[in-house]
Amino acid sequence: MTSNGSEGRDVATHGGLAGAVAAYFINSKLTPLIMAFSILVGLFAVYALPREEEPQIIVPMIDVFVAMPGASAREIEERVTKPMEKLLWEIPGVEYIYSTSSPGMSMAVVRFLVGQDEEDAIVRLNQKMSANFDLIPPGASPPLIKPRSIDDVPILALTLWSRQYDDARLRQVAAQLHDGIKQVDQVSAVEIIGGRRREVLVALDENRLAAHNLTALEVAGRLQGANRKLPSGAFDTGNRRVLLETGGFFASSAEVGRAVVGVSGSIPVYLSDVATVSDAGEEPIQYVQFASGADPAYWPAVTVAVSKRKGSNAIDVAERVLEKVEGLKGPVIPSGVEVAVTRHYGETAKEKSDELLFHMAIAVVAVSILIWLTLGFRESWIVFTAIPVTLALTLAVFYLYGYTLNRITLFALIFSIGLLVDDAIVIVENIVRHLRMPELSNAR
């Protein structure tokens, strides 16, 4: 047998630069400290790395909308879409432009090259559009610019359903829930899907309008003027300043019906005299229904979709939102309204990352046992420590570079585990083979 010092010299002699580095660390007292530090850093990275379902791919995409009411699709294409496309192609970094021309509306989806800075892309596009406002044809609106990103995909969807309330009432509950969820840290956007918004419908009667010598435009103008609150001055009294306001906003359909819309023979004409006022909600444009396996019936429902901020942990954000919703049950969510979690990307991200870490541990133990049975305990101990240290440093680099654990990085780690395990087996086996060769044994 040879000493550790002679092993280090042999490695340094035959291994080049890599051998010199290995020879230095074979006998160094810093080696176990570095390995312990690497494991601790890796454990911290596993705890601190944000976990999410979708990868953080930097591909800036921006939607540009231009409205031109009354114009046909052909006119929109010739007067709005084509000139706008020419301007957008002048922006540096643009890769593709997808445009759609429809009656009264033009939409262009601008996609930049992969890796382009998102904020710089938005600034360049806004500057290009602002510098060419003089080219907007008459009747067209200024462009509406809406950036899109991977974080716009909701990580959590909560569906409110009930056997007692209709979709209009569920929409009101969802609106209050919306305000509560927006207070949660790292929540980016909250969207309400389904349900009818509150809307007071005024159905004018032509015969009654003619009887009071009124027109629909006169009623609309006076109704709009009655639903207004304006400042009317102020006065000082008792070391205080009192602000005066006139008018007010409608609070109920009954107040809308009592609005004065005209005078007929010195008698005020109320809106209820010439129209039917109802508080039945708007015409639905989205439908959401809920059904469970035990109950085949479909019940009215409203979904609240929650998106997180860029780089935040989907698991933590989802758990905080669910905790907030639990606290709102009772004060905001009545007892007759059920809350079902219909999407939970934080939970799926946690399951996938935990499963990956579990299989990492299985791979390390299995390879170590295999090496122990075939080569020996010392060789198996080397493999047992080398693989976790390498993976720990990899996760630490992920954390330092701002990466997240998602479906892409998880696949990369799974792929690297196979390479790492194969390399560990081959390298250790080759070293042992050389150390056990007869000529080397005789030389020593």
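Could you tell me the center-to-center distance, by alpha carbons, between segment 371-428 and segment 106-138 in angstrom? Between the Cα centres of segment 371-428 and segment 106-138 lies a distance of 45 Å. 3J(HN,Hα) along segment 331-342, derived from phi through the Karplus expression 6.51 cos²θ - 1.76 cosθ + 1.60 where θ = phi - 60°, amounts to x, 10, 9, x, 5, x, 10, 9, 10, 10, 8, 9 Hz, with x in place of Gly and Pro.
Using just the C-alpha positions of segment 250-301 as equal point scatterers, what log10 of I(q)/I(0) does the Debye formula give at each q in 0.19, 0.28 1/Å? For segment 250-301, the Cα-only Debye profile gives -0.74, -1.04. Under 5 Å between amide hydrogens, built in the peptide plane, is the criterion, and for GLY262 it picks out VAL269 among residues at least 5 positions away or on other chains. Using the Cβ-Cβ distance between GLN176 and ARG148 with R0 set to 30 Å, the FRET efficiency works out to roughly 0.60.
Would you kindly state the longest site-free stretch of the chain, with sites defined as chymotrypsin sites (Phe, Trp or Tyr not before Pro) in a DSSP loop (not H, G, I, E, B) surrounded by at most 14 other Cβ atoms within 10 Å? Please report the intermediate quantities before stating the final value.
Details: sites that count: PHE249, TYR287, TYR298, TYR401.
After excluding every exposed loop site, the longest remaining stretch is 1-248.
Kindly state, to the nearest 0.05, the FRET efficiency for ALA131 paired with ALA36, given R0 = 60 Å and r defined as their beta-carbon distance. So the FRET efficiency works out to roughly 0.55. The HN-Hα couplings worked out from phi for segment 419-432 by the Karplus form 6.51 cos²θ - 1.76 cosθ + 1.60 (θ = phi - 60°) are 5, 5, 5, 4, 5, 4, 5, 5, 5, 5, 4, 5, 5, 4 Hz, whole numbers, x standing for Gly and Pro. Approximating the spin labels as points 7 Å out from Cα along Cα→Cβ, the ASN239-to-GLU283 distance works out to 6.0 nm.
Return the calculated 222 nm mean residue ellipticity for the chain, to the nearest 500 deg cm²/dmol, obtained by summing -39500 (n - 2.57) across DSSP H runs with n ≥ 4 and dividing by the residue count.
Details: 16 runs with 212 residues, N = 444.
Helix contribution divided over all residues of the chain: -15000 deg cm²/dmol.
Just the projected area, averaged over all directions, of the convex hull on the alpha carbon atoms of segment 201-278: how many nm²? Working shown, then result.
Working: hull surface 26.1 nm².
So the mean shadow area of the Cα hull is 6.5 nm².
What's the magnitude of the charge dipole for the chain around its Cα centre, counting Lys and Arg as +1 and Asp and Glu as -1 at the beta-carbon? Answer in Debye, nearest 20.
Numbers: 40 positive and 50 negative charges, 138 e Å.
Magnitude of the dipole: close to 660 debye.
The loop-placed GluC sites (Glu not before Pro) in segment 314-363, going by DSSP, include none that has at most 12 neighbouring Cβ atoms within 10 Å of its Cβ. Shown for segment 62-148 is the translational diffusion coefficient from the Stokes-Einstein equation, using the Kirkwood radius over Cα pairs, a temperature of 37 °C and a viscosity of 0.692 mPa s: 253 µm²/s. Neighbour counts of other Cβ atoms within 10 Å put MET68, MET437 in the fewest-to-most order MET437, MET68.
Distance between the pseudo-spin-label points of LEU113 and THR246 (7 Å out from Cα toward the beta carbon): 6.2 nm.
The length gained by stretching the chain between HIS434 and ALA20 to full extension, at 0.36 nm per residue less their Cα-Cα distance, is 147.2 nm.
If the label point is 7 Å along Cα→Cβ of ARG378, which residues in segment 21-57 have backbone nitrogen under 16 Å from it? Residues passing the 16 Å test: 23, 26-28. Listing ILE427, ILE371, ILE97 from fewest to most neighbouring C-beta atoms within 10 Å gives ILE427, ILE97, ILE371. Taking Cα atoms only, the orientation of helix 167-182 departs from the longest principal axis of the chain by about 50 degrees. The stretch between ILE414 and THR390 holds 7.3 nm of extra length on full extension. This uses 0.36 nm per residue minus the Cα-Cα distance. Between the helical axis of 118-130 and the longest alpha-carbon principal axis of the chain there is an angle of about 30 degrees. In this simple spin-label approximation, ALA189 and ASP316 carry label points 7 Å from Cα along the Cα→Cβ vector, and these lie 2.3 nm apart. Against the set (i) 23.2, 76; (ii) 21.2, 63; (iii) 34.4, 127, the structure's computed Rg and Dmax of the Cα atoms in Å falls on (iii). Straight-line reach from LYS128: taking Cα to Cα under 22 Å and skipping same-chain neighbours fewer than 8 places apart, the lysines in range are LYS82, LYS86, LYS146.
Sorted fewest first by neighbouring Cβ atoms within 10 angstrom, HIS212, HIS178 come out as HIS178, HIS212. Counting only residues at least eight positions apart within a chain, or on another chain, the lysines with an alpha carbon under 21 Å from that of LYS352 are LYS308, LYS310. Helix 216-226 and the long axis of the chain differ in direction by around 70°, with both axes built from C-alpha atoms. Cα centroids of segment 178-219 and segment 142-156: 25 Å apart.
In segment 192-269, which GluC sites (Glu not before Pro) are in a loop and have at most 16 other Cβ atoms within 10 Å, using DSSP for the loop call? Show your work: numbers first, answer last.
Details: sites: GLU199, GLU206, GLU218, GLU245, GLU255; in loops: GLU199.
Loop-located and lightly packed - GLU199.
If R0 is 45 Å, the Cβ-Cβ spacing of LEU217 and LYS329 corresponds to a FRET efficiency of close to 0.40.
No lab work stands behind these numbers, since they all come straight from the coordinates. From a predicted model like this one, the values you see are computed outputs, not experimental measurements. Because the Cβ atoms are built from the backbone with ideal geometry, glycine has one as well, and the counts that use them run over all protein chains shown.
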